[in-house]
Amino acid sequence: MTAVTLKSNRDFSRIYRSGKSYVSANLVTYVLKNRKNNLRVGITTSKKVGSAVQRNRCRRIIRAAFSAIDAEPRAGYDIVFVARTRTAHIKSTDLLVCMREHLKASGVIGKL
């Protein structure tokens with residue numbers, strides 16, 4: 001299943017306000033059920049993370065980790081991944097562990 005990219009500020013604000021958050025040292029994940037039959041994913045990095053190069057690296061790492069998830073994510077969810085300062089200094093395989101834990105806890109991927 002391919003994920004649709006979240007782009008509008010209204011969607012991000014709604015997910016921050018109403019979604020459930022899962023926090024670790026490397027990543028924050030917000031998950032909210034949607035009424036659509038697709039999976040929508042957004043990535044945010046604030047200027048606190050660092051320069052533009054570091055913020056882009058964080059986004060690349062998060063995208064790589066999400067694409068490497070072996071379990072099929074369920075449709076009907078909105079997910080926002082928020083990079084933290086440590087995200088720029090780790091590999092996508094390390095981030096994949098955190099991401100998998102967050103998505104299992106939220107029910108987006110099945111319990112393996």
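Observations on the model:
- Scan of segment 41-72 for residues that are under 10 Å from the mean Cα position of the chain (by Cα), open to solvent by less than 60 Å² (accessible area, probe 1.4 Å) and free of Cβ contacts under 8 Å to residues at least 40 places away in the same chain, ordered by number: Gly42, Thr44, Ile62, Ala65
- Per the listing Lys48, Lys36, the residue uniquely over 19 Å from Thr93 (Cβ atoms), touching a helix residue (DSSP H, G or I) at 6+ places or on another chain (Cβ under 8 Å) and not in a helix (DSSP H, G or I) is Lys48.
- Criterion: β-branched (Val, Ile, Thr), modelled with pLDDT of 95 or more and out of contact with any helix residue (DSSP H, G or I) (no Cβ under 7 Å at 6 or more places or on another chain) - qualifying residue of Val80, Val53, Val4: Val53
- Here Val97 fulfils each of the conditions (1) touching a residue at least 24 places away in the same chain (Cβ under 8 Å); (2) assigned to a helix (DSSP H, G or I) apart from (1).
- In segment 80-89, residue surrounded by the fewest Cβ atoms within 10 Å (Cβ to Cβ) [restricted to those that are within 25 Å of Gly107 (Cβ to Cβ) and in contact (Cβ under 8 Å) with a residue 60 or more places away in the chain]: Val80
The values are calculated or read from the model by the stated rules, or taken from the named source; none is laboratory data. Everything quoted here is computed from the prediction, not taken from an experiment. Here Cβ is always computed from backbone atoms with ideal geometry, including for glycine, and neighbour counts include all displayed protein chains. What goes into the accessible areas is simple: the full protein's heavy atoms, side chains included, and nothing from ligands, DNA or RNA. Shrake-Rupley method; radii C 1.70, N 1.55, O 1.52, S 1.80 Å.
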